[in-house]
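Since every read-out is calculated from the coordinates, none of them should be taken as a lab result. Everything numeric here is computed off the predicted structure, so don't read it as measured data. Note: ideal-geometry Cβ built from the backbone for every residue, glycine included; neighbour counts use all protein chains shown.
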Amino acid sequence: MEVKIFNDAQEIAVAAAELFTDIINNKNDAVLGLATGATPVPTYEKLIEAYEQGKVSFKDVRTFNLDEYCDLPKDDKNSYYTFMHENLFNKVDIKEENVNFLDGNVEDWEQESKRYADAMAAVGGIDIQLLGIGTNGHIGFNEPADAFTDESFKVTLTQSTIDSNQKYFGEVPMPRYALTMGIGSIMRAKKILLIATGASKAEAIKGMIKGGVTPKLPASVLNEHSDVIVMLDKEAASLL
Ligand code: F6R
């Protein structure tokens with residue numbers, strides 16, 4: 001695990017976008033694993049800038065998002081499908097047919113998990129997976145648990161995650177379930193970039209880097225992957 005510490009979120013965004021741009025420019029049909037949440041937004045802004053400046057094209061890029069809420073229409077303003085379109089896909093030249101999401105409204109999530117795994121395998125796997133981290137150490141929506149998960153599954157969101165994300169839904173109660181890539185799906189990515197900013201992430205980052213590998217802090221599993229870069233701002237790195 002290579003840990004890089006930056007002054008602030010903007011510096012991380014520049015470095016993360018450069019890494020993605022290099023990967024896409026080396027392989028025009030790169031397969032990107034993408035995350036939602038507040039942390040990657042500045043990185044997506046830098047990628048849009050790079051696209052506008054002609055430094056990168058998403059014409060042949062394929063993407064797989066980490067997770068999606070259950071029981072929320074795909075085009076709801078709070079779905080991750082909408083989030084990704086508003087924050088990246090609508091602003092670059094990616095083709096809609098190359099964009100992949102778990103469908104949180106299926107009846108049979110096990111069948112959906114298999115469909116997603118097969119779709120990832122069919123394009124040769126994920127070249128680079130972008131991750132944020134929850135204050136409880138979750139990656140995707142893999143919450144602290146007794147065992148690591150493998151392929152995508154349906155998760156009951158923890159109170160800590162609901163407390164962090166309810167703000168986006170205002171007065172409407174947010175969904176209690178989501179479909180998420182499992183730890184196995186994430187670990188099969190060839191390269192992983194985890195970014196974390198702000199003091200609220202410092203405890204989880206300390207646990208991930210110094211606490212040993214445990215499903216009680218899901219991000220700690222990344223210590224077992226051979227190609228992980230962690231980009232932190234000073235606040236997120238403050239307990240290291
Ligand atoms: C989002 C995701 C989550 C977030 C995490 C941090 O697709 O999978 O694991 O990365 O909850 O969220 P932010 O960046 O909002 O602090």
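How large is the helix-only mean residue ellipticity at 222 nm for the chain, computed as the sum of -39500 (n - 2.57) over DSSP H runs with n ≥ 4, divided by its residue count, in deg cm²/dmol to the nearest 500? Don't skip to the answer; put the middle values down first.
Numbers: 7 runs with 73 residues, N = 240.
Computed mean residue ellipticity for the chain: -9000 deg cm²/dmol.
For segment 55-67, backbone phi angles converted through the Karplus equation (6.51, -1.76, 1.60; θ = phi - 60°) give residue-by-residue couplings of 8, 7, 10, 9, 3, 10, 6, 10, 10, 10, 7, 5, 7 Hz, Gly and Pro being listed as x. Between residue 236 and 198, the built amide H atoms are under 5 Å apart, and every one of these is 5 or more places off in sequence or on another chain. Our summary gives segment 1-128 a relative contact order of 27 percent, counting only alpha carbon pairs under 8 angstrom and 6 or more residues apart.
What percent does the relative contact order of segment 158-240 come to when contacts are Cα pairs within less than 8 Å and at least six residues apart?
Values: 75 pairs, mean separation 27.7, N = 83.
About 33 percent, as a whole number.
Applying both filters, DSSP loop and at most 11 other Cβ atoms within 10 Å, to the GluC sites (Glu not before Pro) of segment 144-240 gives 171. The HN-Hα couplings worked out from phi for segment 207-216 by the Karplus form 6.51 cos²θ - 1.76 cosθ + 1.60 (θ = phi - 60°) are x, 4, 8, 10, x, x, 7, 8, x, 6 Hz, whole numbers, x standing for Gly and Pro. Using C-alpha pairs below 8 Å separated by at least 6 residues, the relative contact order for the chain is 25 percent.
The DSSP beta bridges internal to the chain are antiparallel in roughly 25% of cases. Each residue of segment 141-158 was assigned a 3J(HN,Hα) from its phi angle through the Karplus expression (A = 6.51, B = -1.76, C = 1.60, θ = phi - 60°), giving 10, 7, 7, x, 8, 8, 8, 6, 8, 10, 7, 4, 7, 8, 10, 8, 5, 7 Hz with x at Gly and Pro.
Residues considered: 81, 69, 51. Largest GNM mean-square fluctuation over the chain, using C-alpha springs under 10 Å, is found at 51.
Close amide H partners of residue 64, meaning residues 5 or more places away or on another chain with modelled amide H under 5 Å apart, are 32, 33, 34, 100.
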